[in-house]
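Structure first, then comments.
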Amino acid sequence: MKYFSAFTGVGGLDMGLPKEWKCVGMSEVDKHANMVLKYRFPEVVNYGDIEKIDYAKLPDFDILVGGSPCQDVSIAGKRKGITGSRSRLFFTYIAILQNKRPDYFIFENVKGLLSSNEGRDFAEMLNCFSKAGYNLWWQVLDATSFGIPQHRERVFILGAAGGRSFARLFFDNGSGKKNTELQGQEANIITRRYRASQATGSYIVENQFNAQIETVYPSRRQNYRVYGTEGIAPTLHRKTGGGQVTKIAIPVADISHLKARQQGRRIKELNEPSFTLQSMQRQGVYNGMKIRYLTPLECERLMGWPDEWTKYGIDGKGDVIELTDNARYSLIGNGVVPQVVSNIVSMLPHSTERVNE
């Protein structure tokens, strides 16, 4: 199977496609995303601005994947609808379908699309897909139903040309590999390199019953800390003292703005999934003593991405550079959970081994 990736971002959706599939091209304009794409997919042509693509020059492909910008339909935005300056790019997606006629497409967008313009925008999208000659299937899917400890609901629309059907596709959000615990990802101990390195440990695997134990001494020096319940403390001195602190991960909404809420909540209960990661928000965790930011690495894990996926890029000079944390947060917040995609693709004809189980 050959595919074309529109509005690629840093390739979150692409990660969920079978590794045997061949990407014949991508379309992305974000500066930092393009740096990551050049580093991660060096052999794939990036056609840049989707509005400037000459469709006649695109190679043929079997499936079109991607989701147009969501800012104008998201409940977190100004809700200008699909005719807004960003979300109107949806119509370029339709133009590619009409010109290239692939057998399938996979389209992803925020749940707010369903209520944008009182539902008329979503109806218009479905109508456009249908007029382009595709039978449709769509469903709202939450990442927690696919083993990811982040509450991230997205609309997925699939299209099939030539009379193909999606009768077998339906996912029960109340069953399957649902993971409602923040601690659903493997993690190593990491130390933040900013804000005085005050937060050590990823917290993504910790809970009340299997938490990281830190033996704390007044000096706070690294060699006076012990991590793990099996660790051995250094020799106690006459003036050392000390005690143990259990670090527990509780998700917190955007900690940059104290009034920030998601669905009316700021702090979740123990073992609940993370709040939805967003490009303009900085999520955090409460460890029983203080609230701190999630690191970019932790955010990548909450997306089901490989560690440090967004850490490096290639700039205009061809040099490998390290992206800033702010750039990485933005790229991650705009991303797609690949495990959701891989489960969808497994139901399609011609699907093969998935990249991310």
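The values are calculated or read from the model by the stated rules, or taken from the named source; none is laboratory data. Remember, it's a predicted structure, so these values are computed and weren't measured experimentally. Here Cβ is always computed from backbone atoms with ideal geometry, including for glycine, and neighbour counts include all displayed protein chains. Accessible surface areas use protein heavy atoms only, side chains included; no ligands, DNA or RNA. Shrake-Rupley method; radii C 1.70, N 1.55, O 1.52, S 1.80 Å.
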What FRET efficiency would be calculated for the residue pair Leu270, Glu308, taking the C-beta separation as r and a Förster radius of 22 Å, to the nearest 0.05? 0.20
Stretched out fully, how many nm does the piece from Lys290 to Ser130 gain, at 0.36 nm a residue minus the Cα gap? 52.4 nm
Looking at region 284-315, which GluC sites (Glu not before Pro) are DSSP coil and have at most 15 other C-beta atoms within 10 Å of their C-beta? Glu308
For region 248-295: accessible area per residue (Å², 1.4 Å): 48 Å²
Once you put a point 7 Å from the Cα of Arg88 and another 7 Å from the Cα of Lys100, both along the Cβ direction, what distance in nm separates them? 2.3 nm
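Among Lys52/Lys311; Lys2/Lys317; Lys268/Lys290, which pairs are too far apart, with a Cα-Cα distance over 22 Å?
In this structure, Lys52/Lys311; Lys2/Lys317 exceed 22 Å between Cα atoms.
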Where labels lie 7 Å past Cα in the beta-carbon direction, separation of Lys57 and Lys2 in nm: 1.7 nm
For Gln150, list long-range residues whose amide hydrogen, built 1.01 Å from N in the peptide plane, is under 5 Å from its own amide hydrogen. Thr144, Ser274
Leaving ligands and nucleic acids out of the surface, order Glu51, Glu269, Glu108 by accessible area at 1.4 Å, largest first. Glu269, Glu51, Glu108
